[in-house]
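The block underneath contains the structure these notes are about, expressed in structure tokens.
The values are calculated or read from the model by the stated rules, or taken from the named source; none is laboratory data. Just so it is clear, the model here is predicted, and its values are computed rather than measured. Neighbour counts are summed over all protein chains in view; Cβ atoms, including those assigned to glycine, are modelled from backbone coordinates with ideal geometry. Heads up: the accessible areas ignore ligands, DNA and RNA and are worked out on the full protein's heavy atoms, side chains in. Shrake-Rupley method; radii C 1.70, N 1.55, O 1.52, S 1.80 Å.
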Amino acid sequence: MAEQLKGMTIALAGPRKAEEMAAIVSNMGGTALHRPAQGTVFLDEEALRAGLTEWTKNPPAWAVLTTGMGLDALVRAAEELGLKERFLDVLSSSKLAARGYKTVNALKKLGFVPQVRDDDGSTTGLLRGLQAFDLRGQTAVVQLHGEPAPRLLAGLAEAGAAVREIQPYRHTPPAPGALAGLLGDILEGRVDAVAFTSAPQFRFLAEYARAEGRLTELVETLEQRVLAVSVGKITSEALREEGISRIVMPEHERMGSMFVELGKYVAAQRGSREA
């Protein structure tokens, strides 16, 4: 594994744990460039209070939970508002749908088991699981994380549910010029791969490229010359939504595993060329 990324330059689109990721890349023989494609993640306290108050006053038939971190934030905020007991009562009386193993684990810590969970860690998988239930006329509160989830909300609405949403965390765009730098690195071939650790990172980049009239060029480059590396299925969904199918992704969502998988992919490609 030590030299699997030898001669490769990897752009790191995630602002969190960038030094740790750079060390992994360096240990594998590669060069890492810090190219954050998102800014900070902040707790939207005002929206959280309003959403929790509405949630506990008008309990939904369904609670659709998309991240463990977001659920933890809801519980903490409910406690600060003196609503924790009421919030947990509401959760216990609602049918629970969870996306991702971290969300399932967060529920387990609270003593809950979801009636529905995805079969593959994705929004599509979660919607598949919900197909077994009649949602017509049912109210569903969806806990989002940092960004909208139009496919999830649309899928619930198409199934006949009355959808409300609550978003504890929000992602901010990166510093001015950051996206221009990353886009240039990709299109001009200064990097061999780009590592994305969240869906918003790619969505911010894609929206910038679209505004510049270069989205098609970005997609073609990631399909043909520069590798798109994704930490997990939710991040990969954002890439696929724009038409990118060549994605290197680990089986389990871990930053270290992402680079190990990249190393395996690169080694296999080099081996096929030498054969």
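A few comments on the model shown:
- Count of residues meeting criterion [within 30 Å of residue 84 (Cβ to Cβ), part of a helix (DSSP H, G or I) and open to solvent by 20 Å² or more (accessible area, probe 1.4 Å)] in region 1-50: 5
- Residue within region 106-118 that is under 25 Å from residue 154 (Cβ atoms), at pLDDT below 90 and open to solvent by 20 Å² or more (accessible area, probe 1.4 Å) present: no
- Checking every residue in region 122-131 against the condition of being of a type outside the set (D, E, K, R), surrounded by 16 or more Cβ atoms within 10 Å (Cβ to Cβ), more than 21 Å from residue 253 (Cβ to Cβ) and at pLDDT below 90 gives zero matches.
- Qualifying positions in region 161-181 - open to solvent by 50 Å² or more (accessible area, probe 1.4 Å) and assigned to a loop (DSSP other than H, G, I, E, B): 173, 175, 176, 177
- Taken over region 132-145, the criterion of being surrounded by 14 or more Cβ atoms within 10 Å (Cβ to Cβ) and within 20 Å of residue 54 (Cβ to Cβ) is satisfied by 135, 138, 139, 140, 141, 142, 143, 144, 145.
- Of the residues making up region 184-225, those that are of a type in the set (Lys, Arg) and either open to solvent by less than 50 Å² (accessible area, probe 1.4 Å) or in contact (Cβ under 8 Å) with a residue 60 or more places away in the chain (or both) number 1.
- Residue in region 62-72 that is under 22 Å from residue 160 (Cα atoms), in contact (Cβ under 8 Å) with a residue 60 or more places away in the chain and assigned to a loop (DSSP other than H, G, I, E, B) present: yes
- In region 138-150, the residues that are part of a loop (DSSP other than H, G, I, E, B), modelled with pLDDT under 95 and either under 19 Å from residue 60 (Cβ atoms) or out of contact with any His (no Cβ under 7 Å at 6 or more places or on another chain) (or both): 144, 145, 148, 149
- Failed item, numbered, when residue 266 is tested on (1) assigned to a helix (DSSP H, G or I); (2) open to solvent by 70 Å² or more (accessible area, probe 1.4 Å): (2)
- Close Cβ contacts (under 7 Å, 6 or more residues apart or on different chains) running from residues in region 75-86 that are over 11 Å from residue 53 (Cβ atoms) to residues that are part of a helix (DSSP H, G or I) and among the β-branched types (Val, Ile, Thr) comprise 84/75.
- Count - residues of region 51-61 that are assigned to a helix (DSSP H, G or I), touching a residue at least 12 places away in the same chain (Cβ under 8 Å) and not acidic (Asp, Glu): 5
- The residue list 182, 156, 135 contains one member that is over 20 Å from the mean Cα position of the chain (by Cα) and either among the basic types (Lys, Arg) or modelled with pLDDT of 95 or more (or both), which is 135.
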